[in-house]
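Working notes for the structure below.
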Amino acid sequence: MNPLSGALKFFSTTLFNSVLALAFFLIAGHFATPSFVGKVAIIQLMETITGAFFSILPFSLVTREVSHSYASSQGYDKIAYTSLSYSLLVSPLLLFLFFFPSYLWMSIPYFVLYLFTNYQGQLLTGLGKFTEVNIGNAIFTIARWGFSILAVFYHSVELLILIWTLGAITKAVYYQFYLPFKFFLDKTTFKEIAKVGFPIYLTGIVYFISGQGDRVVTAFLLGSYYLGIYQLVALAAVVPSMLIFSFSSSLLPSSTYYYARGKDMKEISSISFRIVTLISLPMAILGYAISPLFISKLFPHYVLGIPSMQLLILSLTSTMPLQLLSTFMIAAKKNYRPFIIIGIISASEVVGVSYYLIPKIGIYGAAIAQVFNVIITSLLYLFFSYSQGIFRLERREIASLALIGFSFLALINWEVVLIAVILGFKLFGIIGSDEVKIIEGFIPSSLKRITKILYLIAK
C-alpha cells in the first residue's frame, strides 16, 4: 500500500481528464453555444446529485472499511457485494427524471452506471489496486471527453449521453475482471455501514448544496447562458485543486491501512498536510496569474468570467491542505458528527450569499460565495481534526497555516507573494530532511530526482 505511487497514479489520470476536458470545452466554446455547455453542466450536476443523494453507503466509508479489513487480514466480500448490490437496488428511484426534460430521463442508464462504477472504484481503491482503478478512469475519460466531441459538431446532447453511457459500460466491465460481482445484500453489513456513515451521508447531501448551490442559483436567477459561462470558468478554476485532491484517493486507504497497523495518525496527517501545502500554494498563485491569458486566448466569448475564475483558483487551491484533513477524520473513524455541522454551515452560507450577491454583481457573486465557503469549511476542518486528536498544531504546522493565509495577498501582487512563499518553506523548515528520506522510500525510482528539489527546500 504505497500512498505516494498511488497519489501519482490518481494525479496522472486526473491530469489526463483535465486535458481532454479542456479540449472538449475548447471545441464546445467555439462550435457550440453557452446553452449547449449549460446542458452538459446540468447532466454533470445530476451526476453529483446521484452520488450525493443515493450513496446511503458513503463512498469514503466503503473505502475505509475495505482497507481496514484488508490491513487486518479479514474478509471483505460482504462489504463489496453489499455496496454493489445496493447501487443497483436503489437505481429505480432515478425514474423521477421522467418529469424533467428528455435529455435528463434519457440519461438514467448512465446515472445508474455512474453510481455502480463509483462503488467499484472505491472498493478497488480500498484494496490498494490503484493501477486498475486509474486504468478504468482513463477508459471512461476517453469516452467522456474524447469521443463525445462528435456530439459538439452535431449539436446533439443525445449523442453525448449515448457516448457517456457506452464509456461507463466499458469501465464497469473492466472493473469486473478485478472485482467479481454477485448479487448479495448482507443486511447486517448494510445496517452497520449505513448507521456509522449516516453523518457522512448527510454531509454529502449538504455538500452538494454548498458545492453546487452557486450553480443552481445562477441557473435559477440568470438562466442557462450565464450558467454556461460560469460553469466553464468554474471547471477551469477547480483543475488545480482537483489535481491536488486526487491525492486523497490514495491517502484515505493508505492512512487507514497504516493506522490499522499501529502508525500514529497525527504523524501521518502532519507530514501529508505540510507536503500538500508545499505543492498547493505555488500552484494557486501561478494559476491566479496565468488564468486570464488562458481564457482570453482560448475562450474569448467567456472573458466575462475571468475575475470569478481568478478568485476561485486562488482560494480553492491554497486551502486544499486544510480540506484534505477530512480524509484523516474519516480514516481515524472517531466522531463523524462534525461533518454534519460543517456541511450545514457550508450549505447555508453558499445558498444565502449566492442569493444575495448574484442579483447585484452576477456570477462574481457566485464566486465570492464559494470563497467564503472554502475558508469557513477549512477552518472548521482544522478545529475538529485538532480537537479529535487527529492533527497537531506545532511550529511547522502553524507556519504552514501562516503561509496559506499569506498566499491570499496574491490578489495585490502575485510575484512578490510567490517568492515570499517559496522562501518561507525554507526559512521555517516546514519540510525536514528526515521526512524527505521517508518520501524517498515511497517514491518510484524513475522519479527519484524530485527528492533533490525537496532536499533543497528541506531544513
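Details
- Residue in segment 59-77 that is in a helix (DSSP H, G or I), among the β-branched types (Val, Ile, Thr), modelled with pLDDT of 80 or more and more than 18 Å from residue 255 (Cβ to Cβ) present: no
- Selection status of residue 237, modelled with pLDDT of 75 or more and under 30 Å from residue 283 (Cβ atoms): yes
- Residues of segment 309-323 that turn out to be over 14 Å from residue 285 (Cβ atoms) and surrounded by fewer than 24 Cβ atoms within 10 Å (Cβ to Cβ), as a count: 1
- Matching option when the condition is in contact with a Leu (Cβ under 8 Å, 6 or more places away or on another chain), within 29 Å of residue 399 (Cβ to Cβ) and modelled with pLDDT under 80, among 243, 252, 281: 243
- Against the numbered list (1) in a loop (DSSP other than H, G, I, E, B); (2) at pLDDT 85 or above; (3) of a type outside the set (S, T, N, Q), residue 182 comes up short only at (2).
- Within segment 133-164, the set of residues being over 30 Å from residue 8 (Cβ atoms) and part of a helix (DSSP H, G or I) comprises 150, 151, 152, 153, 157, 158, 159, 160, 161, 162.
- Considering segment 354-398, and only residues there that are surrounded by fewer than 18 Cβ atoms within 10 Å (Cβ to Cβ) and either among the small types (Gly, Ala, Ser) or in a loop (DSSP other than H, G, I, E, B) (or both), the residue that is farthest from the chain's Cα centre (by Cα) turns out to be 394.
- Only a single criterion out of (1) in a helix (DSSP H, G or I); (2) surrounded by fewer than 20 Cβ atoms within 10 Å (Cβ to Cβ); (3) of a type outside the set (Val, Ile, Thr) is not satisfied by residue 116, namely (2).
- Listed by position, the helices (runs of 4 or more DSSP H) contained in segment 224-329 that have at least 2 residues being over 18 Å from the mean Cα position of the chain (by Cα) are 224-237, 248-260, 265-298, 306-318.
- Filtering 43, 49, 56 for residues that are in contact with a Phe, Trp or Tyr (Cβ under 9 Å, 6 or more places away or on another chain) and assigned to a loop (DSSP other than H, G, I, E, B) leaves a single hit, 56.
- In the set 20, 4, only one residue is of a type in the set (A, V, I, L, M), in contact with a helix residue (DSSP H, G or I) (Cβ under 6 Å, 6 or more places away or on another chain) and modelled with pLDDT of 80 or more; that residue is 20.
- Pair list, Cβ under 7 Å, 6 or more apart: segment 353-382 residue not assigned by TED's automatic domain parsing to the domain that holds residue 305, other residue modelled with pLDDT of 85 or more and assigned to a helix (DSSP H, G or I): none
- Residue count for segment 430-459, restricted to those that are at pLDDT 70 or above and over 15 Å from residue 279 (Cα atoms): 5
- Complete set of residues in segment 96-113 that are of a type in the set (Gly, Ala, Ser) and surrounded by fewer than 23 Cβ atoms within 10 Å (Cβ to Cβ): 102
The values are calculated or read from the model by the stated rules, or taken from the named source; none is laboratory data. Because the structure is a prediction, the values reported are computed rather than measured. A quick note on method: Cβ atoms are made from the backbone with ideal geometry, for glycine too, and the neighbour counts reach across all protein chains shown.
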